[in-house]
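First the structure, in the form of structure tokens, and then the observations on it.
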Amino acid sequence: MSDLDIQVVPLKQPSAPATDAIPDATTTQTLCFTDLPEDVIREIYLYLTDNERVALATLSKALYAAFPPCPTDVACTTTERAVSFQQALTRLPGAFHRLVSLDFGRMPSPSKNQPLVLREILPEALQLRSLVCGVAESNNRAIAELIGRLPHLESLELHEPSGKALRAMSYPPSLKSLKLVRVPDKAISWDGLAKSLENLLSLATLSLTELFLGDLKITTDDEIAVFASITTLEIFTSILPHSLVTIERLFPNVTVLVIDDTEFPSALGMLGDDDDERRVLPRLVCLTGYELGDTWIRWAPRHLTFVILHPKGQISSLEVCSTAHLVGLAIRSPSLTFDIWGDIKGHLSVVRILELESTQVGFADNIALLIEACEEHDDFLPADLPLTVLSLCAPTISSYSGSDYDQADPNLGPDELLARLFALIPTAFPHLRYLALASAPEMPPTGYTGLAAVRVPWRWWRIVKEGARVEYREIPVWEGERVRTFFREADVATAAKFDDGFKALF
């Protein structure tokens with residue numbers, strides 16, 4: 001390591017314009033926000049939170065009249081709040097049409113002869129994009145018919161719908177995501193559920209929580225309704241059909257599988273026990289609480305993501321699927337520890353992109369942990385790793401403390417920690433070409449989607465080696481995210497030909 005000449009080339013910042021090119025402030029017309037065209041302001045308005053929209057409405061009387069501070073994303077947990085909200089919508093002109101998201105999922109069942117408030121809101125809320133229905137709302141025929149008349153609805157969540165309600169539900173053609181929570185045992189069959197959704201050509205995501213529909217036994221000659229449009233399947237605490245061939249018949253086009261506390265069928269049924277016949281899955285996501293169970297996924301993913309939910313959770317084993325087609329591995333955890341490094345090192349012999357996210361332990365401690373792993377690479381890292389991209393994101397300040405997580409030397413500043421890491425990487429990761437680091441003031445809740453692009457303050461470096469000289473050339477975030485996207489979408493053959501398939505623009 002001492003023979004290497006490590007150089008860090010910072011990103012060149014745009015130069016300031018010449019003094020004579022700066023307009024004279026006394027002769028420049030000052031434009032106010034209200035001078036923007038109304039259609040531009042409306043477009044900006046769509047991306048604001050409710051609090052930001054209130055602030056916008058208070059800028060002027062004209063903006064208040066055009067954009068009154070009416071909430072667009074609302075959750076009701078009591079009947080009183082729901083009634084009050086409905087009355088407020090009625091008083092404010094145009095308020096119904098500004099409603100974008102409505103959550104009645106935790107609403108109590110109404111008392112006898114009490115009307116459902118949602119039934120009074122939906123006829124006017126024609127701009128609604130997302131709707132969560134509680135138990136009473138999910139089983140009401142009138143509400144089911146009103147849901148079918150929402151022309152822009154994209155996301156629908158139903159709590160404890162009966163089989164009768166599911167069969168009678170009227171879904172709008174615009175629906176892209178459907179979540180079913182706690183469907184009563186055997187209320188509807190798998191093929192019956194598929195048949196009720198078969199006309200929804202835009203439905204791409206199906207999320208099932210506590211679903212126990214019973215087994216479905218089929219043969220190659222059986223004709224069954226299938227979930228043909230579904231590309232993302234989320235299964236939580238549910239029981240799937242016992243045969244893998246049934247799953248593959250029901251979900252022929254799934255590209256993303258998200259699974260938690262659910263046993264994936266291992267019996268191939270009518271399929272042979274040949275790896276060539278196993279489906280290659282673009283993405284597999286495993287959610288785990290304290291430990292990952294003994295689930296074995298017989299589909300071979302190209303990208304594998306683990307989301308650890310428990311603050312002290314660990315991955316007992318990453319041996320959940322075949323790695324024959326694996327390109328990328330992502331770990332999102334409250335803390336990244338040596339135990340996790342020990343679990344993932346077996347997969348690093350094939351992985352091209354490794355994405356790490358720590359949601360609670362601070363950035364400096366995670367850099368220190370990475371430094372220690374590099375220093376002891378003979379124990380923690382396989383030899384001659386093919387790893388091309390390494391990405392790490394962590395909060396700037398730890399929200400979780402303990403002796404197991406306080407790794408960083410308090411006497412070392414951020415620049416000194418990075419210098420040590422840069423010096424160790426060429427030996428520990430000999431084929432690493434790109435490094436991405438982010439110290440986030442706040443870690444956005446992302447579920448399993450990951451933190452890419454500009455959601456956190458990323459910094460990217462391209463690593464260039466010329467003999468003993470190693471340069472870390474900082475590149476723009478947009479260029480680094482092009483690299484991330486390339487590997488996230490690549491199969492093994494494409495990833496191996498990165499130099500031929502990727503054209504650097506910076």
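Between Val285 and Leu257, Val258, Ile259, Thr305, the built amide H atoms are under 5 Å apart, and every one of these is 5 or more places off in sequence or on another chain. Accessible area per residue for region 453-495, computed on protein heavy atoms with a 1.4 Å probe, is 46 Å². Computed from the Cβ-Cβ distance with R0 of 41 Å, the FRET efficiency linking Leu412 to Trp296 stands at 0.45. Rounded to the nearest Hz, the phi-derived 3J(HN,Hα) couplings of region 486-495 under the Karplus curve 6.51 cos²θ - 1.76 cosθ + 1.60 (θ = phi - 60°) are 4, 6, 5, 9, 7, 9, 4, 5, 5, 5, where x marks glycine and proline. Annotation for Glu376 and Tyr64: the two label points, set 7 Å from Cα along the Cα-Cβ direction, are 6.4 nm apart.
Extension gain for the segment Ile397 to Arg141, taken as residue separation times 0.36 nm less the Cα-Cα distance, is 87.1 nm to one decimal. The label point for Asp339 and the one for Phe212, both projected 7 Å from the Cα toward the Cβ, are 3.1 nm apart.
Computed over the alpha-carbon pairs of region 137-212, the distance histogram in 5 Å steps reads 3, 16, 29, 30, 17, 3, 0 percent, short to long.
Placing R0 at 45 angstrom, the Cβ-Cβ distance between Ser162 and Gln360 gives a FRET efficiency of 0.65 after rounding to 0.05. Between beta-carbons, use under 12 Å as the cut-off and find the net charge around Arg167, counting Lys and Arg +1, Asp and Glu -1. Local charge sum for Arg167: +3.
Projecting the Cα atoms of Trp478, Pro457, Phe498 onto the charge dipole of region 450-506, computed from C-beta unit charges around the Cα centre, puts Pro457 farthest toward the positive end.
Ratio of Rg to Rh for region 448-497: 1.05 [Cα atoms; Kirkwood radius as inverse mean 1/r over pairs].
What does the highest-first list of 416-426, 155-165 look like by mean Cβ count within 10 Å?
Answer by packing, highest mean first, reads 155-165, 416-426.
For region 179-238, what does the alpha-carbon gyration tensor say about shape, rounded, prolate or oblate, given a ≥ b ≥ c as the root eigenvalues, a/c under 1.5 as rounded, and a/b over b/c as prolate? Intermediate results must be reported in sequence, preceding the final value.
On the way: a/c = 1.80, a/b = 1.09, b/c = 1.66.
Judged from the Cα gyration tensor, region 179-238 comes out oblate (a/c at least 1.5, b/c at or above a/b).
Identify all lysines with a Cα-Cα distance to Lys179 below 24 Å; exclude those on the same chain that are fewer than 8 residues away in sequence. Answer for Lys179, where 24 Å is the Cα cut-off: Lys164, Lys195, listed by chain and number. The stretch between His347 and Lys465 holds 40.0 nm of extra length on full extension. This uses 0.36 nm per residue minus the Cα-Cα distance.
The values are calculated or read from the model by the stated rules, or taken from the named source; none is laboratory data. The structure presented is a predicted model; accordingly, all values stated were derived computationally and were not measured. For neighbour counting, all protein chains shown are included, and Cβ atoms are generated from backbone atoms with ideal geometry for every residue, glycine included. For accessibility, only protein heavy atoms count, side chains too; no ligands or nucleic acids. Shrake-Rupley method; radii C 1.70, N 1.55, O 1.52, S 1.80 Å.
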